[in-house]
């Protein structure tokens, strides 16, 4: 199968009621500046153009355990790093995003790194995840990395249904999302109080630390993400595993404590800010 053969499935039902007014974060929010200075992993990307991944991307890629000729979809491909890394592992990889800036950057990433030597083993396409333009039972793996929190609840439900549809039986959706709302509700106030005692003033609202946090319209807990995946028909495993290095924490003791708090139960439920999930398609 060559990737140029992919096209809209004319028999696929429309997922969105034409009478319903679509609600989504405007794609214009995801600018070139966002991907190059605000989106996690921009330092690694600016230095290596996707050859070195931040932990939040490397961990899911390792979890995928890709085999040669697997067909992979990166849903919300951003700068294109996962598509690139999947391709050099021998997979046939497609990246989709609804941001024009993402598509331009991702295409540049792939073309510069691969120099088209792999022919049609990768494809970057602008698409809406609520109506994936692919036939059913197509993909071995679908990555949804830092996408969930950017989708309103109805968008997420439709996108998970579509993801399940395009996966092969036994295929898996690999998800990373942050923040973990349990950390924001319970862990962060403790962390903030401790840091204030040390003379490091942090805002009451943890979202104020990030320029683009307003694009997070559907933040999750492990429980809420599990419910969404089960409702879409996946069998699922969900866990907490920190991708943070705490390299900006100058005190080695505090850094070591944060690593321990985010690693071991039950404290990691309120101190770990990264949620991972694997959804398996067992049947239609």
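Computed quantities for the displayed model
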item	result
Exclusive hit being assigned to a helix (DSSP H, G or I) and under 25 Å from residue 156 (Cα atoms), set 35, 45, 84	35
Close pairs from the range 100-124: first on the phi < 0 side of the Ramachandran plot and modelled with pLDDT under 85, partner surrounded by 15 or more Cβ atoms within 10 Å (Cβ to Cβ) and part of a strand (DSSP E or B), Cβ under 6 Å, at least 6 apart	121/92; 122/93
Filter result (surrounded by 15 or more Cβ atoms within 10 Å (Cβ to Cβ) and not in a helix (DSSP H, G or I)) within the range 53-69	53, 54, 66
Whichever residue in the range 239-262 is within 23 Å of residue 148 (Cα to Cα) and modelled with pLDDT of 80 or more and, among such residues, is surrounded by the fewest Cβ atoms within 10 Å (Cβ to Cβ)	239
Selection within the range 82-96 - farther than 19 Å from residue 52 by Cα and touching a residue at least 60 places away in the same chain (Cβ under 8 Å)	92, 94
Conditions (1) farther than 25 Å from residue 215 by Cα; (2) touching a helix residue (DSSP H, G or I) at 6+ places or on another chain (Cβ under 9 Å); (3) part of a helix (DSSP H, G or I): number failed by residue 72	(3)
Any hit, the range 187-203, residues being free of Cβ contacts under 8 Å to residues at least 24 places away in the same chain, assigned to a helix (DSSP H, G or I) and under 30 Å from residue 174 (Cβ atoms)	yes
Any hit, the range 156-175, residues being in a loop (DSSP other than H, G, I, E, B) and either without any contact (Cβ under 8 Å) to a residue 40 or more places away in the chain or crowded, with 19+ Cβ neighbours inside 10 Å (or both)	no
Spans of helices (runs of 4 or more DSSP H) in the range 204-278 with at least 1 residues touching a residue at least 12 places away in the same chain (Cβ under 8 Å) and within 30 Å of residue 167 (Cβ to Cβ)	222-231, 268-271
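The values are calculated or read from the model by the stated rules, or taken from the named source; none is laboratory data. From a predicted model like this one, the values you see are computed outputs, not experimental measurements. We place every Cβ from the backbone using ideal geometry, glycine too, and count neighbours over all the protein chains shown.
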